[in-house]
Amino acid sequence: KEQLISVVKKGKKGAEEIPTIMQQLRENPFTEINGSKVVKIEDYLTSEAKDTLNNSVKTIEIPKSNVLIYYTEDGSKIAARPSGTEPKIKFYISVTTEEKNNTTRLLDDRIAAIQKQLNFN
């Protein structure tokens, strides 16, 4: 299941906050999201994929853009991308489960927990 969350920052000050948020996500990356260890971080701006389990970095062949993607052990993926036209930053949350029952509820709960950790509530 996937969900898009847009965090709007109003005015000139808000527009200045967006690059700071992306910088903080790069300089102080999450090591855990919703209790699941971050195992890889892709940075499309630097064309690098960092494997956080063995601390190795590989070059990724992708057009440069201001996008960061965090991958976790439980299969969740959180992508951060500032809007190019508005003072907002978009977070794309993708979650999966191996459970056969109550899948929707489990995934909704996981998304809600990620939103809470990232202060999107």
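The values are calculated or read from the model by the stated rules, or taken from the named source; none is laboratory data. Source: prediction; values computed, not measured. Every residue, glycine as well, gets a Cβ built from its backbone with ideal geometry; the counts of neighbours run over all protein chains shown. Side chains are part of the model used for accessible areas, which takes the heavy atoms of the whole protein and leaves out ligands, DNA and RNA. Shrake-Rupley method; radii C 1.70, N 1.55, O 1.52, S 1.80 Å.
I need every pair where a residue in the range 6-22 that is under 14 Å from Ala80 (Cα atoms) has its Cβ under 8 Å from the Cβ of a residue that is open to solvent by 80 Å² or more (accessible area, probe 1.4 Å), sequence separation at least 6 or different chains.
These pairs meet every condition: Val8/Glu86.
Name the pairs: first residue in the range 79-93 and part of a loop (DSSP other than H, G, I, E, B), second residue open to solvent by 30 Å² or more (accessible area, probe 1.4 Å), Cβ to Cβ under 7 Å, at least 6 apart or on different chains?
So the pair list comes out as Ser83/Lys90; Pro87/Val8; Pro87/Lys9; Pro87/Lys10; Pro87/Ala15.
Looking at Ala49 and the list (1) out of contact with any Lys or Arg (no Cβ under 6 Å at 6 or more places or on another chain); (2) modelled with pLDDT of 95 or more, which single condition is not satisfied?
Single failed check for Ala49: (1).
Within the range 25-56, count every residue that is open to solvent by 60 Å² or more (accessible area, probe 1.4 Å), farther than 18 Å from Ile93 by Cβ, without any contact (Cβ under 8 Å) to a residue 24 or more places away in the chain and not in a strand (DSSP E or B).
Going through the range 25-56 one residue at a time, the tally reaches 7.
Give Ile5, Ile18 a once-over and let me know the one that is over 13 Å from the mean Cα position of the chain (by Cα) and either under 23 Å from Asp108 (Cα atoms) or of a type outside the set (Asp, Glu) (or both). Let's see the steps before the verdict.
Numbers: Ile5 fails: over 13 Å from the mean Cα position of the chain (by Cα).
Only one candidate qualifies: Ile18.
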